[in-house]
Amino acid sequence: MRKYLLVNIYKRLYKKFGPRGWWPGQTPFEVMVGAVLTQNTAWTNVEKAIRNLRREKVLTPARLNGIEISKLALLIRPAGYFNVKAKRLKSLVGFLFNEYKGDLRRMRRESIKTLRPKLLGVHGVGPETCDSILLYALEKPVFVIDAYTKRIFSRCGVAKENIPYEELQSVFMKELPKSVRLYNEYHALIVQFGKDLCRKDPKCGQCCIKEFCKNKKFR
DNA sequence: GGCCAGGACACCA
DNA sequence: TGGTGTCATGGC
């Protein structure tokens, strides 16, 4: 994939949708929790769960570490898969305490190279959740790939349909300048594009980035 | 009333 | 190692 293509797709998306203001979270820890809660779940449902956690004043590493898992599950119920996610949040917060004394600032000091594999080793943290945490909570320059990214960029022939996560990620990271702000905005814009214009129907002509970027200067 | 959402994991061949 | 089932709520 050519550099100018990815950069210009970004410019085009930005022009249409404007800044997305991601990630919608008040603190890095809240962003981290949101990354788990939003797994295969609409963000509106995640918001309800986060409101519950905030209302109960358990949206801190210490409080979440101390809360009973059954109570946690009840609070995050609106986000769906609540039993699964309660377990995953517990694993994640346990990891945060074991490795960084419950302090995200300590975690942030570690390099991506060593931190990413560690995070991926935590139960319930797959590649997308991991990279969302790295980028949006810890402000590390890591490009997040999600279902929309795969769908959109494979449909227009930019990538193979079943391209592995890391492979597609490296396409973006090799071709784009290493910038937290750019990665942040680009991923958010792709999600917006996917929601607005791209349907799961593979025949949908409107969904394709190529179609979207028909204008000569974006080819 | 069915489909889908900002995934990950367990299980099986 | 790749495919399939499971986890679940809420909006449209």
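Near A:F17, within a Cβ-to-Cβ distance under 13 Å, what is the net charge of the other residues, with Lys and Arg +1 and Asp and Glu -1?
Around A:F17, the surrounding residues sum to +4.
With the crude spin-label approximation of a point 7 Å out along Cα→Cβ, what separation in nm comes out for A:I69 versus A:N45?
According to this spin-label approximation, the distance is 2.1 nm.
What is the spin-label model distance, in nm, from A:M173 to A:Y14 if the labels are put 7 Å beyond Cα along the C-beta direction?
2.1
Across segment A:171-179, in residue order, what do the Karplus-derived ³J(HN,Hα) couplings come to in whole Hz, using 6.51 cos²θ - 1.76 cosθ + 1.60 with θ = phi - 60° and x for Gly and Pro?
Those phi angles translate into 4, 5, 6, 7, 8, 10, x, 6, 9 Hz.
Per-residue HN-Hα couplings for segment A:146-159, Karplus 6.51 cos²θ - 1.76 cosθ + 1.60 at θ = phi - 60°, whole Hz, x for Gly and Pro?
Once θ is set to phi - 60°, the couplings for segment A:146-159 become 9, 4, 4, 4, 4, 4, 5, 7, 7, 5, 8, x, 6, 9 Hz.
If each residue's Cβ is checked for other Cβ atoms within 10 Å, how do A:M107, A:M32 rank with the fewest at the top?
Lowest to highest Cβ neighbour count: A:M107, A:M32.
Counting only other residues whose beta carbon sits under 12 Å from that of A:K48, what net charge do I get with K and R as +1, D and E as -1?
Every neighbour counted, the sum reads +3.
Add +1 for every Lys or Arg and -1 for every Asp or Glu among the other residues with Cβ under 13 Å from the Cβ of A:T60, and state the total.
Result for the local shell: 0.
Through the Karplus equation 6.51 cos²θ - 1.76 cosθ + 1.60, θ set to phi - 60°, convert the phi angles of segment A:186-192 into ³J(HN,Hα) values in whole Hz; use x for Gly and Pro.
4, 4, 5, 5, 4, 4, 4
Checking the table A:K57/A:K178; A:K15/A:K150; A:K87/A:K160; A:K11/A:K150; A:K57/A:K101 against a 27 Å threshold on Cα-Cα, which pairs fail?
From the list (A:K57/A:K178; A:K15/A:K150; A:K87/A:K160; A:K11/A:K150; A:K57/A:K101), the Cα-Cα distance tops 27 Å for A:K57/A:K178; A:K87/A:K160.
No lab work stands behind these numbers, since they all come straight from the coordinates. All values derive from a computational prediction rather than experimental measurement. Counting neighbours? That spans all protein chains shown, and the Cβs are built from the backbone with ideal geometry, glycine included.
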